[in-house]
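The values are calculated or read from the model by the stated rules, or taken from the named source; none is laboratory data. Please read all numbers here as calculations on a predicted model, not as lab measurements. As a convention, Cβ positions derive from the backbone with ideal geometry for all residues, glycine included, and neighbour counts pool all protein chains shown. To get the accessible areas, we keep the full protein, side chains included, count just its heavy atoms, and leave off ligands, DNA and RNA. Shrake-Rupley method; radii C 1.70, N 1.55, O 1.52, S 1.80 Å.
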Amino acid sequence: MAVTAVVGLQWGDEAKGKIVDLLTDQHEIVVRYLGGNNAGHTVVCNGQTYKLSLLPSGILRDSVVSVIATGVVINPKALLEELDSLSRQGVEPGRLLISDRAHVIFPYHLAEEAALERRRGEKAIGTTMRGIGTCYRDKAGRTHAIRMGDMMRPELFRERLEDVVAQKNDILRALVPDHEPLQAAAIYDEYMQYAERLRPMVTDTTAFLHHALKQNSSMLFEAAQGSLLDIDHGTFPYVTSSNSSGCGIHPGSGVPERVIEKMIGVVKAYTTRVGGGPCPTELEDETGQHIRDEGNEYGTVTGRPRRCGWFDAVATGYGARISGVDCLAVMLLDVLSKLDELKICEAYEIDGERTTDFPSHIDELARAKPVYRTLPGWKKDITGVRKLSDLPSAARAYIDCVGELVGAPVEIVSVGPDREQTVRG
Ligand code: GDP
Ligand code: IMO
Ligand code: MG
């Protein structure tokens, strides 16, 4: 494999981390190109569990160069804590490069987000409260933005930070009347310590990736979040603030999408969603709770219970089309093993009309009634299966139905969290 991309096709947590880890040994460079420490990727190998958030999953192999590219928003404190925690777990990270064009998350981003979410009350987006949206807002707005490259220039950084913090205090005072002013000098001192530790890793990652492409190096693009959380194409405003579908690879890394030879769409065998926004196949009953329990569906980042439901082929098919996937990896199939029968949503009925198009407005999505295809369960433990032909026929029929309705062939099936618990065609 030369240039490969792994992208989630639902609302995140599709087990992208496991697939990236599996493919990492076939690639020299792993690139994370969007999001920040809102992501939570769990990788299980050799009996050890690793929780990654900002770091590309390639970091677990010392032969791989990991790149945090331009589209990522970086909380330097969180990044250093993650590196320290991996080293406590005995991981000798490979080389890590960080884009000097990536934007930096500051304490005022977290304070602003907390105030804005509180104000929305019941309509809160349900963010991870990591300052992701407010940092991307400043990036798009430009006037309050600070990038890694700025942080590497102490005088310029001090000047810029003083100006931005003064303005942010005004904004925060308007949002929160008893706001305690943030001190630019204290933030500067703290962030300069981070800057000094990160300095050897900060570079022009776009140039690095283009040199690597010229030398035919193999590269794996690791997505965070999922296609339905994409700022432009997802269930707005209940989305994250970046292009988290396949559409984000080019802007997030500076590498044109046409060099990608294989785009792998990762899907869960059912649906989960964290935070607000419509989710047509959500099950607020004991089946939903059963899936939550069997799949241990609690967020890695915030610990929130994930909303669970049947597989939604309308939503996922849309995710697959906007991301342009070549094939699917169907994950967590084992979680469904105890159910008597299973349902897959093959169409929506909206105001009496049947459609397989995914609505562009959440008002319509909230009115969508799932039209289900019912399939028999397999009622067998499949966690030890390693060959497609050894899966029970009902499980194979389920996988075939997912592939058919989403419109892409299934190449990988996952039957447990471990690297080994993987079934390939
Ligand atoms: P990501 O954000 O897309 O990387 O996914 P998460 O790591 O947030 O969530 C996926 C969870 O499912 C993790 O805890 C994985 O260890 C776990 N997992 C991955 N594949 C399987 C599988 O096939 N079966 C089960 N039961 N768990 C899995
Ligand atoms: P991984 O990479 C699942 C969701 C949040 C919230 C919305 C906006 O682990 O798949 P944000 O903090 O980004 O402004 O929150 O997006 N969200 C995720 N849900 N998996 C993720 O990442 C997510 N990252 C953000 O729950 O609904
Ligand atoms: Mg996750």
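Some values worked out for this structure:
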read-out: Distance (nanometres) between label positions extended 7 Å along Cα→Cβ at LYS77 and LYS380; value: 5.3
read-out: Cα centre as origin, Lys/Arg/Asp/Glu Cβ charges: region 195-329 dipole, Debye; value: 440
read-out: Potential extension, GLU349-SER85 segment - 0.36 nm per residue separation minus Cα distance; value: 90.3 nm
read-out: Protection-proxy order for peptides 388-401, 272-285, each taking the mean of Cβ atoms within 10 Å per residue, highest first; value: 272-285, 388-401
read-out: Apportionment of accessible area to carbon and sulfur, region 221-345, percent (1.4 Å); value: 45
read-out: Cβ-defined net charge surrounding PRO409, 13 Å radius [Lys, Arg +1; Asp, Glu -1]; value: -2
read-out: Distance between modelled label sites at LYS51 and ALA140, nm, 7 Å Cα→Cβ extension; value: 3.0
read-out: Violating pairs (Cα-Cα greater than 21 angstrom) within the set LYS18/LYS262; LYS16/LYS262; LYS18/LYS338; LYS16/LYS343; LYS51/LYS268; LYS262/LYS380; value: LYS18/LYS338; LYS16/LYS343; LYS262/LYS380
read-out: Angstrom value of the Kirkwood radius, inverse mean 1/r, which spans all Cα pairs in region 143-260; value: 17.4
read-out: Built amide H within the under 5 Å cut-off of ALA347, gap 5+; value: VAL371
read-out: Per-bin percent of Cα-Cα distances, the chain [10 Å]; value: 5, 22, 31, 25, 13, 4, 0
read-out: Highest to lowest packing among 365-375, 246-256, scored as the average C-beta count within 10 Å; value: 246-256, 365-375
read-out: Range of Cα positions in region 300-425 per principal axis (Å), largest first; value: 44, 35, 31
read-out: Bridge type composition, the chain - antiparallel percent by DSSP, nearest 5; value: 40
read-out: Net charge contributed by nearby residues that have their C-beta within less than 13 Å of MET152 (K/R +1, D/E -1); value: +2
read-out: Whole-Å semi-axes of the ellipsoid equivalent to region 1-133 (Cα gyration tensor, √5λ, descending); value: 27, 16, 15
read-out: Two-site FRET efficiency, THR356 against LYS262, from Cβ-Cβ distance with R₀ of 22 Å, rounded to 0.05; value: 0.30
read-out: Accessible area (Å², per residue) of region 17-106, counting only protein heavy atoms and a probe of 1.4 Å; value: 30
read-out: Gain in span if fully extended, GLN26 to ARG118, counting 0.36 nm per residue against the direct Cα distance; value: 28.6 nm
read-out: Neighbourhood net charge (14 Å Cβ-Cβ; Lys/Arg +1, Asp/Glu -1) for GLN167; value: -1
read-out: Nitroxide proxy distance, nm - points 7 Å out along Cα→Cβ at ALA394 and GLU159; value: 7.0
read-out: Ellipticity estimate at 222 nm from DSSP helix runs (n ≥ 4, -39,500 (n - 2.57)) divided over the chain, nearest 500; value: -10000 deg cm²/dmol
read-out: For region 76-168: Kirkwood Rh in Å [reciprocal of mean 1/r, alpha carbons]; value: 15.0
read-out: Stretch gain in nm, segment HIS210-THR300, where the contour uses 0.36 nm per residue and the Cα spacing is subtracted; value: 29.1 nm
read-out: Distance from region 229-270 to region 86-158 (C-alpha centre basis), Å; value: 19
read-out: Listed peptides 133-141, 179-187 by packing density, highest first (mean Cβ within 10 Å); value: 133-141, 179-187
read-out: Accessible area expressed per residue, region 342-425, with surrounding protein chains retained (probe 1.4 Å, Å²); value: 53
read-out: Normalised alpha carbon radius of gyration of region 148-209 [divisor 2.2 N^0.38 Å]; value: 1.39
